[in-house]
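Trainee: Okay, here's the structure, questions in a sec.
We did not get these values from a lab; they are worked out from the coordinates using the rules stated. Being a predicted model, the structure only gives us computed values, none of them experimental. All Cβ positions, even for glycine, are placed from backbone atoms using ideal geometry, and neighbour counts span all protein chains on display.
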Amino acid sequence: MGQENNTADVESLQKSGRRSGSCLNAFLITSIVVLFASVAALAAFGVMAVKELQSKLDVPRRVSESELFEKMSGAQQPSVTFNMEKFAYLEAMKCSLKNGTMEWADVKYGVGSSIGSKFVFDSHQMSLKPQQSGVYFMYIEVKIMCTSRCNTSVVHLNVSNKLTCDVELPSHKKSVSKKCWTVSTLENEGLITQMRVPDKGFQDWKLDLKNSGLGLFLID
């Protein structure tokens, strides 16, 4: 009788062990699946974030992305003065859109300015002149808003025949943003931005000053 009890106890322990083992295996499999799902989700999020960052930067195709990133971000950790002297940015001054020369102004921050020491800005001629010959990354960005009932139209921008930008304005949109860029070799020449608009039906479109500007960066 005692031998039968011992046999039953051993069989009970074996069954209990098998159940515990199967539960443990299920728990491990579930943990691994969750871990892989989390890693996959994190990787997908990282790819999306990188693509979003690249689209916002609008890195030019004619310059290698690594080279431009190194030069613009200061990957070799140059001083702040070194970075800023190669960069210039101007902000739009007037919201009205009309034929003629666009009016710009530099951006003040603390005791500094958005115009680096390698550039000269003539506020009377509205001319931005690089003082060093070289290859430059140039871009212009505008945001145009409809303040009432607006007609379909288009704005033509031209930066000294080095950069052109056409901004189409559909009547059903309340705001339109556009950024145009180029990489060009520049000598010691002043850059002036000309605007051309239709003669009629354009008074309700206005320029958003804080989101409209002209930028120039010395690449090499």
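Trainee: Pull up all non-local amide H partners of Ile219: gap of 5 or more, or a different chain, and H-to-H distance under 5 Å with H placed in the peptide plane.
Mentor: Result for Ile219 returns Val135, Tyr136, Phe137.
Trainee: To continue, here is another question. Only residues of the range 105-121 count here: report those whose backbone N is under 14 Å from the spot 7 Å along Cα→Cβ of Asn188, or say none.
Mentor: Correct set: 118-120.
Trainee: Taking 0.36 nm per residue of sequence separation and subtracting the Cα-Cα distance, how much length would be gained by fully extending the chain between Ser123 and Lys162, in nm to one decimal?
Mentor: 12.0 nm
Trainee: Continuing with this model, one more query. Using amide H atoms built in the peptide plane, which far-off residues or other-chain residues are under 5 Å from Glu103 H to H?
Mentor: Met93, Lys94
Trainee: If packing is taken as the average number of other Cβ atoms within 10 Å across a peptide's residues, how do 103-113, 206-216 rank, most packed first?
Mentor: Ranked by mean Cβ neighbours within 10 Å, highest first: 206-216, 103-113.
Trainee: Fewest to most neighbouring Cβ within 10 Å: what's the order for Cys95, Cys165?
Mentor: In order of increasing Cβ crowding within 10 Å: Cys95, Cys165.
Trainee: Another question about this same structure. Convert 20 °C to kelvin, take the viscosity as 1.002 mPa s, use the Kirkwood radius over C-alpha pairs of the range 65-218 as Rh, and evaluate the Stokes-Einstein diffusion coefficient in µm²/s, rounded to a whole number.
Mentor: So the translational diffusion coefficient is about 130 µm²/s.
Trainee: Go through the range 136-153 residue by residue and turn each phi into a ³J(HN,Hα) via Karplus (6.51, -1.76, 1.60, θ = phi - 60°); whole Hz please, and just put x for glycine and proline.
Mentor: 10, 8, 10, 9, 10, 10, 9, 10, 10, 10, 8, 9, 8, 8, 9, 8, 4, 7
Trainee: In whole Å, what are the extents of the range 94-151 along the principal axes defined by its C-alpha atoms, from largest to smallest?
Mentor: Principal axes ranked by extent give 45, 29, 23 Å for the Cα atoms.
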